[in-house]
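Single-structure report; data block below.
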Amino acid sequence: MKGHLTVFSLIAMFITTLFIQPVQASGWELLGEKQVSRRTEADTIFVGAREGLFRKIQFKVRGADVDFKRAIIHYRNGQTREIAMKGLVRKNNSTRQIDLPGKTRAIEKVSFWYQTQGKGRAQATVLLWGKEA
């Protein structure tokens with residue numbers, strides 16, 4: 001059983017690498033991720049003390065489909081921006097690229113509202129990507 005689990009883990013890491021490498025090569029940086037629950041309707045991804053300013057963000061979804069409702073970007077300078085995000089994102093897909101108008105700014109955190117879709121025990125993970133200025 002442990003052998004099967006190890007093989008499964010290696011395959012999962014390989015598949016994740018396939019999805020992440022093309023994004024990183026195009027100037028996108030993983031800002032954070034959150035495993036989302038069917039019981040919760042809102043979550044926050046804390047970006048942390050990253051250096052760099054961003055002009056676009058994008059959410060990617062793994063594990064199960066996620067129906068996004070809205071998001072609020074909290075900038076380090078205290079300003080916020082609300083984004084309407086009505087739409088279902090299927091697992092292993094992403095939202096549209098969301099432009100951050102005005103001057104590029106450092107992101108402190110991004111809060112988002114959603115409903116997780118799917119059957120069984122599949123749990124979704126939401127990844128937040130930022131495109132550097």
The stretch 30-132 - percent relative contact order, Cα under 8 Å, separation 6 or more: 48
Under a straight-distance cross-link criterion of Cα-Cα below 19 Å, which aspartates and glutamates are reachable from Lys86, leaving out those fewer than 8 residues away in the same chain? Glu41, Asp43, Asp65, Asp67, Asp99
Given that compact globular proteins tend to follow 2.2 N^0.38 Å, what is the ratio of the alpha-carbon Rg of the stretch 30-132 to that value? 1.03
Residues whose placed amide H lies under 5 Å from that of Gln117, excluding near-sequence neighbours: Asp65, Val66, Asp67
Expected vector for the stretch 63-73, Karplus 3J(HN,Hα) from phi with 6.51, -1.76, 1.60 and θ = phi - 60°, integer Hz, x for Gly and Pro, equals x, 7, 5, 10, 9, 7, 10, 6, 9, 10, 8
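Every read-out reported here was derived from the displayed coordinates using simple, explicitly stated rules and does not represent laboratory data. Please read all numbers here as calculations on a predicted model, not as lab measurements.
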